[in-house]
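> For reference, the structure I am asking about is given below.
The values are calculated or read from the model by the stated rules, or taken from the named source; none is laboratory data. Bear in mind that the values here come from a model prediction, so they are computed numbers and not experimental data. Cβ: placed from backbone, ideal geometry, glycine included. Neighbour counts: every protein chain shown.
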Amino acid sequence: MKRRWNMAVTATTVLLVTLVVRCAAGYDILAIFPFSGKSHFHMFRAVSDALTARGHHLTVVGHFPKTPQEPQTLQQSQIGVIDNGDAKGRGSYTDYSLFGSMPVYENFTIDEVTGNGYLEEMLLILQDGLDNCESVLSSEKLSQLIQSRAKFDLVLVEIFNTGCFVSIANHFGAPVVGITSTSLYPWFGGMVGDVVTPSYVPVNLLPFTSRMMFAERLINSVILIAMKTYYKFKYEPAAQEIVDKYLGKLNGGTVSESLNDVNAIIVNTHFVFGDSRPVPPGIIEVGGCTYKKPMPLPLELERYVTEAQRGVIYFSMGSIVKGSSIPAAQFQAILRVFSRLDGYRVLWKWEDNPPPLEIRPKNVMFMPWMPQFDVLNHPNVKLFISHGGLMGILDALYSGVPIVGIPLFADQFSNMNFIVQNGCGLQLQLDWIDEEIANYTISSILHDDKYAKNAKRLSSLYRDRDRDPLKKAVYWVEYVAKYRVNLMLKPTTQEWWYERCLLDVVFVVFVTVTFMAYLAKWVLFKSRMATTTDQ
């Protein structure tokens with residue numbers, strides 16, 4: 001009897017140890033980030049490091065490998081904010097570096113990114129997606145990975161401007177979670193059941209809000225239809241050709257079918273920043289997931305900011321566009337305005353050599369790089385002059401700093417429209433900037449505290465969460481890997497567009513009512529004719 005008891009205890013112990021080891025081992029995750037923009041990758045690195053800290057093993061295909069100084073393995077204590085309770089242990093982060101295979105998206109001049117129409121911008125974004133698809137799928141390192149016998153529990157893939165990499169998940173027989181550092185572009189509507197409603201949901205490349213007049217709704221609808229038509233009949237066949245060329249015919253079907261099988265999408269948005277719109281359960285909003293506790297500024301920068309009597313203006317056009325490429329006339333006009341701001345100092349992100357001393361105001365400091373998040377969270381920073389990119393907007397939203405926006409391309413116009421609509425800032429058009437306009441706009445925000453109050457209120461709404469956004473991203477990745485469940489609205493993805501809009505029902509009702517009205521009119525006419533004949 002005692003021997004049987006010992007054997008039972010031993011078997012139970014072995015089973016428990018096996019389960020604990022499997023849990024501690026974590027999931028094997030393939031992460032593919034094809035876009036070569038540092039600002040986009042910032043979010044992906046945060047999510048990848050958090051997953052590694054949870055004990056998962058990441059194989060990361062991207063353009064920005066870790067430096068030798070960065071840890072390839074992370075323990076939970078090194079991140080600190082990740083503690084969902086169960087899968088603890090030592091994870092790993094393995095780079096399949098694509099660095100150098102494509103130019104990094106940075107230091108474009110303003111002239112290079114402006115002057116395009118809405119459809120032209122869409123074509124440029126999607127063509128860049130095809131270029132990324134070709135470049136990454138043709139890389140020797142990815143080819144070796146695909147041809148290996150590697151097993152993955154989940155594929156995490158960027159879906160900013162291309163969906164061709166979703167097909168790789170079919171090769172590994174793994175569920176797929178999409179991730180994007182932008183809002184979700186309309187050509188991926190099929191993933192989420194086409195919930196974009198052009199009557200009140202603006203295309204994010206257009207300078208509209210949900211409060212659209214008839215002309216704006218017309219433009220919004222036409223642009224949306226044009227985008228989705230081009231994507232379906234031009235882009236998808238081209239992407240399919242590239243996928244077939246490098247991956248062969250996958251068992252999972254076409255690129256289109258693969259996109260419709262995406263299990264969930266992690267999106268760098270938050271409901272506070274944007275208008276009301278349908279959001280299915282598969283859209284995981286994690287805006288602000290890159291944030292950690294603001295750090296003290298470097299000593300020289302801290303002294304410069306703290307000693308500003310009335311406050312500091314921070315001026316940055318982001319990482320993709322060179323702020324130093326601003327046209328000379330607008331540059332001189334803005335400098336003259338800054339020179340007249342008594343008690344204020346200006347931090348200007350300037351990638352080239354600083355302007356000559358003879359034209360440089362004493363209260364303006366030019367630097368090639370600054371820790372933007374830490375700068376904006378300094379209590380003495382009073383205004384952010386920005387291009388309106390999503391990452392910068394979210395930084396300002398978190399810190400509660402009002403914005404003067406100078407949007408240039410893509411979603412920057414719609415981002416700034418939201419800021420203006422909520423009373424958190426004002427917008428300038430680059431070509432129209434002169435000294436009078438710049439002075440009026442900047443002075444309005446500095447001297448009217450309603451903008452700062454609105455920004456602080458929106459910041460409170462944005463920061464008050466039931467869960468840390470990075471924990472939320474990690475939780476849903478683990479959820480999909482564990483249950484292999486699809487969180488998207490599958491019933492609507494199986495319907496035709498006219499069924500979703502109830503046009504078939506409207507047609508039948510219209511025909512029925514018209515027929516009944518005609519029948520009633522005909523009966524009435526016959527009745528009158530009979531009465532006339534009887535008389």
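> Can you pull out every residue in the stretch 334-346 that is closer than 19 Å to LEU428 by Cα and without any contact (Cβ under 8 Å) to a residue 60 or more places away in the chain?
Listed by number, the residues that qualify are LEU335, PHE338, VAL346.
> Are any of the residues in the stretch 322-336 surrounded by 19 or more Cβ atoms within 10 Å (Cβ to Cβ) and part of a loop (DSSP other than H, G, I, E, B)?
Yes, some residue in the stretch 322-336 is surrounded by 19 or more Cβ atoms within 10 Å (Cβ to Cβ) and part of a loop (DSSP other than H, G, I, E, B).
> Test TYR314 against the criterion of being touching a residue at least 40 places away in the same chain (Cβ under 8 Å), touching a helix residue (DSSP H, G or I) at 6+ places or on another chain (Cβ under 7 Å) and surrounded by 21 or more Cβ atoms within 10 Å (Cβ to Cβ), and give yes or no.
When the stated conditions are applied, TYR314 passes them.
> To continue, here is another question. Would you tally the residues in the stretch 413-446 being surrounded by 16 or more Cβ atoms within 10 Å (Cβ to Cβ) and touching a strand residue (DSSP E or B) at 6+ places or on another chain (Cβ under 9 Å)?
15
> Working only within the stretch 290-321, note down all residues that are in the same structural domain as SER443 (by TED's automatic domain parsing), under 17 Å from the mean Cα position of the chain (by Cα) and either within 30 Å of VAL176 (Cα to Cα) or not in a loop (DSSP other than H, G, I, E, B) (or both).
SER319, ILE320 - these are the residues of the stretch 290-321 that are in the same structural domain as SER443 (by TED's automatic domain parsing), under 17 Å from the mean Cα position of the chain (by Cα) and either within 30 Å of VAL176 (Cα to Cα) or not in a loop (DSSP other than H, G, I, E, B) (or both).
> Which residue out of ILE159, ILE146, ILE242, ILE223 is touching a residue at least 60 places away in the same chain (Cβ under 8 Å) and within 23 Å of GLU478 (Cβ to Cβ)? Lay out the reasoning, then the answer.
Working: ILE146 fails: within 23 Å of GLU478 (Cβ to Cβ); ILE242 fails: within 23 Å of GLU478 (Cβ to Cβ); ILE223 fails: within 23 Å of GLU478 (Cβ to Cβ).
Of the residues listed, the single one that is touching a residue at least 60 places away in the same chain (Cβ under 8 Å) and within 23 Å of GLU478 (Cβ to Cβ) is ILE159.
> Now for a separate question. Going by what's in this entry, would VAL513 be described as outside any loop (DSSP other than H, G, I, E, B) and β-branched (Val, Ile, Thr)?
Working: outside any loop (DSSP other than H, G, I, E, B): yes; β-branched (Val, Ile, Thr): yes.
Yes; evaluated as a whole, the condition is true for this residue.
> Against the definition (in a loop (DSSP other than H, G, I, E, B) and either in the same structural domain as SER48 (by TED's automatic domain parsing) or at pLDDT below 90 (or both)), how does ASN116 come out, yes or no?
Considered against the rule, which asks whether it is in a loop (DSSP other than H, G, I, E, B) and either in the same structural domain as SER48 (by TED's automatic domain parsing) or at pLDDT below 90 (or both), ASN116 comes out as yes.
> Another one. I'd like to verify a number: residues in the stretch 353-370 that are out of contact with any Lys or Arg (no Cβ under 8 Å at 6 or more places or on another chain), of a type outside the set (D, E, K, R) and surrounded by 12 or more Cβ atoms within 10 Å (Cβ to Cβ), how many?
Keep residues of the stretch 353-370 that are out of contact with any Lys or Arg (no Cβ under 8 Å at 6 or more places or on another chain), which gives 353, 355-362.
From what is left, the residues that are of a type outside the set (D, E, K, R) are 353, 355-357, 359, 361.
Pick out the ones that are also surrounded by 12 or more Cβ atoms within 10 Å (Cβ to Cβ) and you get 355, 361.
Count: 2.
> Among the residues that make up the stretch 266-279, is at least one of them in contact (Cβ under 8 Å) with a residue 24 or more places away in the chain, surrounded by 17 or more Cβ atoms within 10 Å (Cβ to Cβ) and basic (Lys, Arg)?
No: the stretch 266-279 contains no residue that is in contact (Cβ under 8 Å) with a residue 24 or more places away in the chain, surrounded by 17 or more Cβ atoms within 10 Å (Cβ to Cβ) and basic (Lys, Arg).
> So, in the stretch 40-54, how many residues would count as being in contact with a helix residue (DSSP H, G or I) (Cβ under 9 Å, 6 or more places away or on another chain) and within 10 Å of TYR93 (Cα to Cα)?
Our first condition is that a residue be in contact with a helix residue (DSSP H, G or I) (Cβ under 9 Å, 6 or more places away or on another chain); within the stretch 40-54, this holds for 40, 42-43, 46-47, 49-54.
Right, trim to within 10 Å of TYR93 (Cα to Cα) and you get 49, 51-53.
Summing the residues that are in contact with a helix residue (DSSP H, G or I) (Cβ under 9 Å, 6 or more places away or on another chain) and within 10 Å of TYR93 (Cα to Cα) in the stretch 40-54 gives 4.
> For the stretch 343-352, check the following and say yes or no: at least one residue is of a type in the set (Ser, Thr, Tyr) and crowded, with 21+ Cβ neighbours inside 10 Å.
Checking the stretch 343-352: not a single residue is of a type in the set (Ser, Thr, Tyr) and crowded, with 21+ Cβ neighbours inside 10 Å.
> Give the stretch 139-191 a look and list any residue that's over 21 Å from GLY129 (Cα atoms) and either part of a loop (DSSP other than H, G, I, E, B) or charged (D, E, K, R) (or both), or say none.
Across the stretch 139-191, the qualifying residues are SER148, ARG149, ALA150, LYS151, PHE152, ASP153, GLY173, ALA174, PRO175.
> Further question on the same structure: Among the residues of the stretch 263-289, which ones are more than 16 Å from the chain's Cα centre (by Cα) and at pLDDT 90 or above?
ASN263 - this is the single residue of the stretch 263-289 that is more than 16 Å from the chain's Cα centre (by Cα) and at pLDDT 90 or above.
> Among the residues of the stretch 362-409, which ones are in contact with a His (Cβ under 8 Å, 6 or more places away or on another chain) and either β-branched (Val, Ile, Thr) or not assigned by TED's automatic domain parsing to the domain that holds ILE320 (or both)?
ILE406
> Check ASP131, ASP111, ASP153 and return the single one that is among the acidic types (Asp, Glu), touching an Asp or Glu at 6+ places or on another chain (Cβ under 7 Å) and touching a residue at least 24 places away in the same chain (Cβ under 8 Å). So that I can check it myself, show each step before the final result.
Working: ASP131 fails: touching an Asp or Glu at 6+ places or on another chain (Cβ under 7 Å); ASP111 fails: touching an Asp or Glu at 6+ places or on another chain (Cβ under 7 Å).
Checking each option against the conditions leaves just ASP153.
> I've got another one for you. Test LEU502 against the stated conditions and say whether it is more than 21 Å from GLY392 (Cα to Cα), at pLDDT below 95, of a type in the set (A, V, I, L, M, F, W, C) and within 24 Å of the chain's Cα centre (by Cα).
When the stated conditions are applied, LEU502 does not pass them.
> Residue under question is LEU376, and the condition is that it be aliphatic (A, V, I, L, M), within 24 Å of ASP352 (Cα to Cα) and at pLDDT 95 or above; does it hold?
Criteria met by LEU376.
> Could you list, in sequence order, all residues of the stretch 399-412 that are within 16 Å of the chain's Cα centre (by Cα) and either farther than 17 Å from GLU112 by Cα or surrounded by fewer than 22 Cβ atoms within 10 Å (Cβ to Cβ) (or both)?
Within the stretch 399-412, just ASP411 meets the criteria.
> Which numbered condition trips up GLU358, out of (1) in contact (Cβ under 8 Å) with a residue 12 or more places away in the chain; (2) part of a helix (DSSP H, G or I)?
It is condition (1) that GLU358 fails.
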